[in-house]
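Peer 1: Sharing a structure with you now.
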Amino acid sequence: MAETKHVEVDLDDIEKICEEFENREGAVVQVLQKVQEKYGYVPAEALELVGDVLEIPKSKMYGVLTFYSQFYQEPRGKFILKVCVGTACHVRGAGLLVDKVREELHIEPGENTEDMLFTLEPVACLGSCALAPMAMVSGTAYGKLSADKMVSLIRQLEEETVHEEETV
Amino acid sequence: MLTEALEDVSVASSKLTDLPIIHIGMATCGLASGARPLLELIKKEVQKRQLNVRIIPTGCIGMCHNEPLVDVTMPGRYRVSYRNVKAMTLTQIFDSHFTKNEFAKKYATCQIPMEGAEPYEGLILMADMPFFKGQVKIVTKRCGMIDPLSIEDYLSMDGYKALKKVLTSMTPAQVVDEVTKSGLRGRGGGGFPTGLKWGLTQKSPGPEKYVVCNADEGDPGAFMDRSVLEGDPHAVLEGMIIAAFAVGNARQGYIYCRAEYPLAIRHLRKAIDDARAHNFLGENILGTDMSFDIEIKEGAGAYVCGEETALLASLMGERGMPWPKPPFPAQKGVWGKPSVINNVETLGNIGHILLNGGDWYASYGSEKTKGTKTFALTGSVKNSGLIEVPAGTPLREIIFSIGGGMVEKKIPFKAAQLGGPSGGCIPVDGLDTPVDFENVVAAGAIMGSGGIVVMDEAACIVDTAKFFLKFTQDESCGECTPCRVGSKIMLDILTRITEGKGQEGDLDELVRLSMYVKSNSLCGLGGAAPNPVLSTIRYFREEYEAHIRDKRCPGTVCNELIKYVVIEEDCTTCGLCEPVCPSGSVTWEKGEVAHIDLTTCIRCKACVDACKFRAII
């Protein structure tokens, strides 16, 4: 797994997010979701600041953060490959898709590629079982996948990024 | 982003007009099948032909296997539905309707009656299709028919009529009575009578009460709630507002929705905004002294939060851990106040029940399970999708009439898995089981929230049990020991069995542990976790024994147990298998029978697929 750079956290931003939820202690999950939306993950510094503002002990903040699988403590790739491994996808070969991504990008589930372009994230069920096996990238669902189609999807995303960089 | 998928779609009301209407299925399954680029093509085609039409994105009509679906309604004619629409077919559909004034026979699936309109000749009615014939649509009645982002569409199909009726002519007690009379039971899987739940919350003292909608549909293989939320979000809101009235003027409601459903959340947000603008939500609803509002809370990825007390803990910003009942949420729920928690589908039924009466609803279904139930029918079945049938419909009818039978004709049915990680497998002998709460439990599974995964003979039962147990083991919150440790030990045993290291006595140990975990776990997750194991041992003991004693996997799924061999009598010595082997394990000389070296074989199945004579098994 690649070495990851952490971002700078601004107290003002954190205070603003907490303010949105009227600094309610009960809104801590939503606050952390907003923090993650902003930074792409929940930096340790941000977690501490949120705890300070909402007056929640560090232990409890950490408890909440680690309980939910959708909070991340490390930066993640630009594209999150959410490969569904739910029941219907499982019986239709979702395992092969995961294996293909591991082989192609040399990352294990939960890891990022060195260029921080991809993160592999097997998920339990995306609720489109009729199109199994499926995956979701940046909110777009891709149905009836095969190992080959998965590879071309990865290539396509890589090309798009190169293209974007060139135009910038 | 999917959540923004519908942003630039010009949303028009689909009330009967003089304009032709094009509906396009744009729920998650439609989008995953390419509905978005198709919509662009439709827009282009409309522009090119300079047509004056309304384009309306709809939710899911249930035929996920036929997505993307496009419907064309010409003024004064029935609505024609086209399946698996591609760029090519689109041109022909447009030609037929807009040039020749007929329908595209080659691609049409069915037609849907419109009031005061003429049918087409030679096209089957939707209601007569095998997929729809056995179905009764109540909660999914509007899904796929209306634009979910348009409150006008909802209003045009009896929307908020039940709410008006309740607020102007009924008392809370009468509402509870009507729901009780309907026999409606919790559709999330619990099966607790909804009327009773409401009555208990109503009787709980205190002025501050809450209504919570459980939209944390976490069972893998289940997407009923997603379809309702995406296709008919107002129905859920209306159910919640009526619940708020019935339990004694609750002022605040929450919808706890899993974050994996971005489109559903987006549709809900829009629905809440529109409902506020029409004064169905907010202060003094419809001029009465009732005030109620709804907030959406997104889940953060924890399956256990589908359990009601865990959901409440999460709602209040805690770790989503269940608490022992009592106190029940009806006594102490959100912020310690009386709360009623209902599932999406349960709430979706409420408006229909109040409008048509409890007796009407109770006229459907079986003796102890009234009304209808939605199911997500998936796996190795031909017509996978979302269906709604009267409770008590036999499993055989669901799979073979509505589902159209097995997807691969040559591979026969083996089992149906009902109820996800808390459920079990029903074998061929159980196909005549009426699907309702009691009968499915007697057959060793649960009706659950409504996932039905069909498995054929190529599936491995032990692997399936392992799959579900791995899921619950991952999702166990760790609070109580039987669930946390028990499920881990059970998973270890199952893993060993699938790796060919099973021992005599493993099955007895699994059953013993199952009983222990079932009876000693704190919440429903642990209490039901052993079900997939118990039901499969009950019906497929010989398949477990084949793994343990013969080190053989009859479904050829468990990698470590697959041993490919060449059948000498069937081998034509053609040599096709040799070059496809990536590990060089197949050796073959001209005129000789091929040989597979099992020590280097990686079980990729390439040689099996390459052999045209089925000589490698």
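Please treat every number below as a calculation from the coordinates, not as lab data. For clarity, every value in this text was computed on a predicted model and none was experimentally measured. Positions of Cβ are generated from backbone atoms using ideal geometry, with glycine treated the same way; all protein chains shown enter the neighbour counts.
Peer 1: As a footprinting exposure proxy, order B:Trp198, B:Trp335, B:Trp323 by other Cβ within 10 Å, with the fewest listed first.
Peer 2: So the ranking, lowest neighbour count to highest, is B:Trp335, B:Trp323, B:Trp198.
Peer 1: If you average the sequence gap of Cα pairs under 8 Å that are 6 or more apart and divide by the length of the range A:11-67, what percent do you get for the contact order?
Peer 2: Working: 40 pairs, mean separation 21.2, N = 57.
Relative contact order comes out at 37 percent.
Peer 1: What percent antiparallel are the DSSP beta bridges of the protein assembly as shown, to the nearest 5? Could you put the intermediate results ahead of the total?
Peer 2: On the way: 41 of 75 bridges.
Of all bridge pairs located within the protein assembly as shown, approximately 55 percent are antiparallel.
Peer 1: With n ≥ 4 as the cut-off for DSSP H runs, can you work out [θ] at 222 nm for chain B, using -39500 (n - 2.57) per run divided by the number of residues, rounded to the nearest 500?
Peer 2: Details: 23 runs with 210 residues, N = 617.
Helices in chain B give a 222 nm mean residue ellipticity of -9500 deg cm²/dmol.
Peer 1: If you build the convex hull over the alpha carbons only and average its shadow over all orientations, what do you get for chain A? Give it in nm² to one decimal. Could you put the intermediate results ahead of the total?
Peer 2: On the way: hull surface 44.3 nm².
The number I arrive at for chain A is 11.1 nm².
Peer 1: Follow-up. Measure nothing fancy, just the Cα-based angle from helix A:44-54's long axis to the longest principal axis of chain A, in degrees from 0 to 90, nearest 10.
Peer 2: 40
Peer 1: State the answer as a single residue: which of B:Cys604, B:Cys577, B:Val593 lies farthest towards the positive end of the charge dipole of the range B:563-617, with beta carbon charges of +1 for Lys and Arg and -1 for Asp and Glu, about the Cα centre.
Peer 2: Final value for the positive-end residue is B:Cys604.
Peer 1: Right, something else. Determine, for B:Trp588, B:Trp360, the number of other Cβ atoms within 10 Å of each Cβ, and report the residues in order from fewest to most. Write down the numbers at each step before the final one.
Peer 2: On the way: B:Trp588 20, B:Trp360 15.
Ordered by Cβ neighbours within 10 Å, fewest first: B:Trp360, B:Trp588.
Peer 1: Related question: Going by a ≥ b ≥ c, the root eigenvalues of the Cα gyration tensor, does the protein assembly as shown fall in the rounded group (a/c under 1.5), the prolate group (a/b larger than b/c) or the oblate group? Walk me through the numbers before you get to the answer.
Peer 2: Numbers: a/c = 1.38, a/b = 1.21, b/c = 1.15.
Verdict is rounded for the protein assembly as shown.
Peer 1: Taking H placed 1.01 Å from N in the peptide plane, check which residues at least 5 places from B:Lys414 or on another chain put their amide H under 5 Å from its amide H.
Peer 2: Result for B:Lys414 returns B:Met455, B:Asp456, B:Glu457.
Peer 1: Then there's this: First obtain the Kirkwood hydrodynamic radius of the range A:106-168 from its Cα pairs, then insert it into the Stokes-Einstein equation at 10 °C and 1.306 mPa s, and state the resulting D in µm² per second as a whole number.
Peer 2: Numbers: Rh = 13.1 Å.
Estimated via Stokes-Einstein, D reaches 121 µm²/s.
Peer 1: How large is the dipole of the protein assembly as shown about the Cα centre if only Lys and Arg carry +1 and Asp and Glu carry -1, each at its Cβ, rounded to the nearest 20 debye?
Peer 2: Numbers: 82 positive and 105 negative charges, 489 e Å.
That gives a dipole near 2360 debye.
Peer 1: Something else now. Which residue, chosen from B:Thr309, B:Gly282, B:Leu263, occupies the Cα position most advanced towards the positive end of the dipole of the range B:223-360, where the dipole is computed from +1 (Lys, Arg) and -1 (Asp, Glu) charges on Cβ about the Cα centre?
Peer 2: B:Thr309
Peer 1: Then there's this: What ratio of Cα Rg to 2.2 N^0.38 Å holds for chain B?
Peer 2: On the way: Rg = 26.7 Å, N = 617, 2.2 N^0.38 = 25.3 Å.
Normalised by 2.2 N^0.38 Å, the Cα Rg of chain B equals 1.05.
Peer 1: Rounding to the nearest 10 and keeping the result within 0 to 90°, find how far the Cα-based axis of helix A:94-105 lies from the longest principal axis of chain A.
Peer 2: Long axis of A:94-105 versus the principal axis of chain A: about 80 degrees.
Peer 1: Using the Karplus curve 6.51 cos²θ - 1.76 cosθ + 1.60 with θ = phi - 60°, what ³J(HN,Hα) values do you get for each residue of the range B:49-61, in whole Hz, with x for Gly and Pro?
Peer 2: These are the phi-based 3J(HN,Hα) values: 8, 6, 8, 9, 9, 9, 10, 10, x, 10, x, 9, 8 Hz.
Peer 1: Shifting gears a bit: Suppose a student asked you for the relative contact order of chain A, using Cα pairs under 8 Å spaced at least 6 residues apart; what percent would you report?
Peer 2: Working: 227 pairs, mean separation 34.4, N = 168.
After rounding, I find 20 percent.
Peer 1: Can you list the residues, at least 5 places off or on another chain, whose amide H is less than 5 Å from the amide H of B:Gly379, using H built in the peptide plane?
Peer 2: Residues meeting the criterion, in which the H sits 1.01 Å from N, are B:Val454.
Peer 1: Let me ask something additional. Fewest to most neighbouring Cβ within 10 Å: what's the order for B:Ile55, B:Ile411? Before the final figure, lay out each step's value.
Peer 2: Numbers: B:Ile55 18, B:Ile411 14.
Final ranking by Cβ density, sparse to dense: B:Ile411, B:Ile55.
Peer 1: Just to confirm the number: angle between the C-alpha axis of helix A:147-167 and the first principal axis of chain A, 0 to 90 degrees, nearest 10?
Peer 2: 60
Peer 1: While we're looking at this one, here's another question. Give me the distance between the Cα centres of the range B:186-250 and the range B:547-617, rounded to whole Å.
Peer 2: 55
Peer 1: Beyond a 28 Å Cα-Cα separation, which of these cross-linked pairs lie in this structure: B:Lys161/B:Lys209; B:Lys137/B:Lys337; B:Lys137/B:Lys165; A:Lys34/B:Lys203; B:Lys165/B:Lys325? Don't skip to the answer; put the middle values down first.
Peer 2: Values: B:Lys161/B:Lys209 24 Å; B:Lys137/B:Lys337 35 Å; B:Lys137/B:Lys165 22 Å; A:Lys34/B:Lys203 38 Å; B:Lys165/B:Lys325 35 Å.
In this structure, B:Lys137/B:Lys337; A:Lys34/B:Lys203; B:Lys165/B:Lys325 exceed 28 Å between Cα atoms.
Peer 1: Just want to confirm a number: the relative contact order over chain B, from Cα pairs under 8 angstrom separated by 6+ residues, in percent. Spell out each step's value before the answer.
Peer 2: Details: 1303 pairs, mean separation 68.8, N = 617.
After rounding, I find 11 percent.
Peer 1: Which residues' amide hydrogens lie under 5 Å from the amide hydrogen of A:Phe79, considering only partners 5 or more residues apart or on another chain, with H built in the peptide plane?
Peer 2: HN-HN under 5 Å from A:Phe79: A:Phe118, A:Thr119.
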